[in-house]
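Accompanying notes for the structure given below.
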Amino acid sequence: MDITLIINKLKEHLNIKFDKELADFLGIKPNTVATWKKRNTIDIDIIMSKCDLIDANWLLTGKGNMLKNKYDYDYKTDIVEEPSNIDTELSPLERTLRSKEETINILKEHCRIVRKDLEECKKAYDLLLEKYLKLKG
């Protein structure tokens, strides 16, 4: 498997010319792409998180179809070309939206728990301070 070839095909598909643009798109440092090429490896999770229409098997092996679906997708303009069914095209977007909403709800719950813990810490601090001041007299 030639990772450089896979990265170049991925850039071509995304209509990206330079490794830095790919890094920006993936939200990684530009030297990460160079490291992938040097080590002949990639971080499939990072790529799949941004390119949900890319077939994971193709990313891992370089074999088979690059895309999961029969239509092409322009990531820079968010345009789906040759749509076969509007529901099919919205499905990945809906899954992404639901995933983001679930993450937001989890983070809100974590914030609620942290706030509750902070309130308990404040109460404990106030009690300790009160006892200290009484002892100090």
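Coordinate-derived values only; no laboratory data. These numbers were taken from a predicted model, which means no experiment stands behind them. Positions of Cβ are backbone-derived with ideal geometry, glycine not excepted, and every protein chain shown enters the neighbour counts.
Going by amide H atoms built from the backbone, whose H comes under 5 Å of the H on LEU67, apart from near neighbours?
ASP55
Taking a threshold of 23 Å on the Cα-Cα distance, which of the pairs LYS50/LYS116; LYS11/LYS37; LYS9/LYS68; LYS11/LYS100 fall above it?
Values: LYS50/LYS116 35 Å; LYS11/LYS37 13 Å; LYS9/LYS68 15 Å; LYS11/LYS100 25 Å.
Violating the 23 Å Cα-Cα cut-off are LYS50/LYS116; LYS11/LYS100.
Net charge near PRO30: determine it from the other residues with C-beta under 11 Å of the C-beta of PRO30, scoring Lys and Arg +1 and Asp and Glu -1. Before the final figure, lay out each step's value.
Details: positive: LYS20, LYS29; negative: ASP19, GLU21, ASP24.
Its environment carries a net charge of -1.
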